[in-house]
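Here's the structure, in structure tokens; my notes come after.
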Amino acid sequence: MSAARLIFSTGSLYTHDIAYCYEIAAEAGCDGMEVMCDERWCSRDPAYLKKLSQTYNLPTLVLHTPFSTHLMGWQNRGDHLGRIHQTLKLAQEVEAEAIVVHNPPRVYRTALETPNRRYWLPWRTPFKSVKHWIETELPAFQKTTPIKIAVENVPIIKYMGLKADPSYWKGIDQWVNLNEYLTLDTTHWATHDVKPLVAYEAAKGRVCHIHLSNYKNGREHRLPHQGDLDLAGFLQRLAQDSFAGTVSLELYPDSMGFQDDATIRHNLKDSVAFCRQHLN
């Protein structure tokens, strides 16, 4: 039997209140929460997160560093490394055991909206401070904190019909050496045509956190039991290995049916049941 804790990421429903995410996760039988820190202060307010944990009896086990470049009450615009340290401070306050840090991108992308189409435009961003920190300071820094800094693999992007890997460190061989602790995202590896078990076996012993979701017809973060990835076999391998980390359901709002409360609750319960079936 796996010792993994099955948790729910608030990023799955960024369309909804943080409190709602805790409520439905408790109802579905999750073991804890992953909080996506975002522009809303409630996602970064330690007192509020502690209150939610107590109310719903769900520990906040993992925090995800923010995507936004400007967060009221935190670091100045463009301070990507500062946001990591702010997330670490918050993790200490809420007694989380890990934070998720993305493998930093060499280029980033934004959307140019027209009445009939969305165009993705890449441009260079100042992630060099994060790159330098991971390369030169993270190994020693990790030894100073019990909080696991779990570096996550990122998906490829499509630009003008072509696939491109935006990250500084590309492929499994480079990802596995980024830190003592890693986050494995199943659907992100799927964009690279890499199966979850292949990535897991390559990084075994370093993976402490998993973002679990399926992949279908080029669409990421599908429900775990609906897609092309063999997540049943993947979870069974975790159970065989007595994986003791956290497995976080990180989905997209549309895959959860975000416009209807009953559909959301049904899909989350089905997802939790699927994971429990194959983890036990």
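Any residue at all in the range 29-47 that is within 20 Å of Phe258 (Cβ to Cβ) and among the aromatic types (Phe, Trp, Tyr)? The answer is no, given that none of the residues of the range 29-47 is within 20 Å of Phe258 (Cβ to Cβ) and among the aromatic types (Phe, Trp, Tyr). Looking at this structure, is Tyr14 of a type in the set (Phe, Trp, Tyr), out of contact with any Leu (no Cβ under 6 Å at 6 or more places or on another chain) and farther than 29 Å from Lys131 by Cα? Considered against the rule, which asks whether it is of a type in the set (Phe, Trp, Tyr), out of contact with any Leu (no Cβ under 6 Å at 6 or more places or on another chain) and farther than 29 Å from Lys131 by Cα, Tyr14 comes out as no. Among the residues of the range 152-201, which ones are farther than 24 Å from Glu97 by Cβ, of a type in the set (D, E, K, R), part of a loop (DSSP other than H, G, I, E, B) and touching a residue at least 12 places away in the same chain (Cβ under 8 Å)? Correct list: Asp165, Lys195. Looking only at the range 110-118, decide whether some residue is surrounded by fewer than 15 Cβ atoms within 10 Å (Cβ to Cβ), closer than 30 Å to Lys163 by Cβ, under 21 Å from the mean Cα position of the chain (by Cα) and at pLDDT below 95. Within the range 110-118, one or more residues are surrounded by fewer than 15 Cβ atoms within 10 Å (Cβ to Cβ), closer than 30 Å to Lys163 by Cβ, under 21 Å from the mean Cα position of the chain (by Cα) and at pLDDT below 95.
Per the listing Asn280, Asn214, Asn267, the residue uniquely modelled with pLDDT under 95 and over 30 Å from Lys143 (Cα atoms) is Asn280. Scanning the range 217-234 for residues that are outside any loop (DSSP other than H, G, I, E, B) and within 17 Å of the chain's Cα centre (by Cα) yields a count of 5. Identify all residues within the range 200-233 that are touching a Lys or Arg at 6+ places or on another chain (Cβ under 8 Å) and among the hydrophobic types (A, V, I, L, M, F, W, C); write none if there are none. Result: Cys208, Leu229.
The values are calculated or read from the model by the stated rules, or taken from the named source; none is laboratory data. Remember, it's a predicted structure, so these values are computed and weren't measured experimentally. Quick reminder, even Gly has a Cβ in these numbers, built from the backbone with ideal geometry, and neighbours come from all protein chains shown.
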